Structure formats: C-alpha cells, structure tokens
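The values are calculated or read from the model by the stated rules, or taken from the named source; none is laboratory data. In this text the structure is predicted, and so the values were computed from the model without any measurement. Virtual Cβ from ideal backbone geometry, glycine too; neighbours counted across all protein chains shown.
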Amino acid sequence: MNNKPRFSDDILSQGISGFHVYALASCSFLSFASENLASMLGFSAEELLSKYADLVHNEDKAEFEEFIKEISEKPTTKTIKYRLKKSDGNYIYVSDTTSSKVDADGNLKGYSVLTDITDIKKENENLKFLIDTVACGFLRYTC
C-alpha cells in the first residue's frame, strides 16, 4: 500500500497563485478552485465554483465573457486583467492567464493562474495622477 502524500494536490491547491480550472462548454463554469484562490477572495473553494463569474466587476464582465468565449473556441493561451469582488466587498485587480486544452475525455478545459496585481495598479494610478496634474518640465521621474 502506498502512503506517500500527493504533493501535486498541495501544489495545485496552495502553491500556484490563484489556480483554478474552467470547464469550457456551451455554458462555461469553474470546475475547480484552489485553496489559494479561496483565501485570496475570502470564500470557500466550494462557494467559488458557483459564484465566480458573479464576482467579476460589472465594468469588466463584457471583456471577461469575451475572454471565456475566445479560450472556449480552441486550445490557446490568453491573459486578461479584471477586478474581482472579495467577501468583504472590496475589489482586487487580477491578472488571469489561462491555457485551454482538450483533456483525456475530450472536454475542453481552461487551466488558470490568477495573480493579485492590486498594488501595481494602485502605483500606476498614483503615477498617472502626477502626469495629469504636474506641468511638463517641472518634474521628471523614472520607474
């Protein structure tokens, strides 16, 4: 009898940032949500399976739906940036890179890594404020 721990389960659930799997069919949905993604958003993994698409910010829904449509058409890899609502009501900016492929059963699935980019977005917004409000020539900055 083999009693070795399954490290692959731990890696998928906790080691890969925001890992989740889309079942890409005529009606796409989340078929797996990692513990890492659940803790990032403040929901249980089971809750995310039924409500993930509802957590996408209203202003980002059309772009998110187009993204799902594109990865559902054929095996491909695409990245999208959008906002997700956390359990506390706040939104985070995320970058979602998904590779879709046909699994052994002939079903198209999207394997996704999602990263919280909120801090980067907020830094860029602060820099944009400087660009918009400071007259040219008085301030020069580099990143």
Restricting the stretch 77-105 to residues that are under 12 Å from Leu24 (Cα atoms) and among the β-branched types (Val, Ile, Thr), which is surrounded by the fewest Cβ atoms within 10 Å (Cβ to Cβ)?
Val102
Return the pair list, or none, for Cβ contacts closer than 6 Å from residues in the stretch 58-75 that are over 15 Å from Ser28 (Cβ atoms) to residues that are surrounded by 13 or more Cβ atoms within 10 Å (Cβ to Cβ), at least 6 apart or on different chains.
Asp60/Tyr82; Asp60/Arg83
Of all residues in the stretch 76-92, count the ones that are polar (S, T, N, Q) and either touching a residue at least 60 places away in the same chain (Cβ under 8 Å) or part of a loop (DSSP other than H, G, I, E, B) (or both).
3
Being touching an Asp or Glu at 6+ places or on another chain (Cβ under 8 Å), modelled with pLDDT of 90 or more and within 20 Å of Ile16 (Cβ to Cβ) is the requirement here; does Lys86 meet it?
no
Considering each residue of the stretch 19-61, count those that are more than 14 Å from the chain's Cα centre (by Cα) and assigned to a loop (DSSP other than H, G, I, E, B), and give that number.
8
Taking Lys51 as meeting all but one of (1) closer than 21 Å to Phe29 by Cβ; (2) touching a residue at least 24 places away in the same chain (Cβ under 8 Å); (3) not polar (S, T, N, Q), write down the number of the exception.
(2)
Mind checking whether some residue in the stretch 119-127 is aliphatic (A, V, I, L, M) and at pLDDT 90 or above?
no
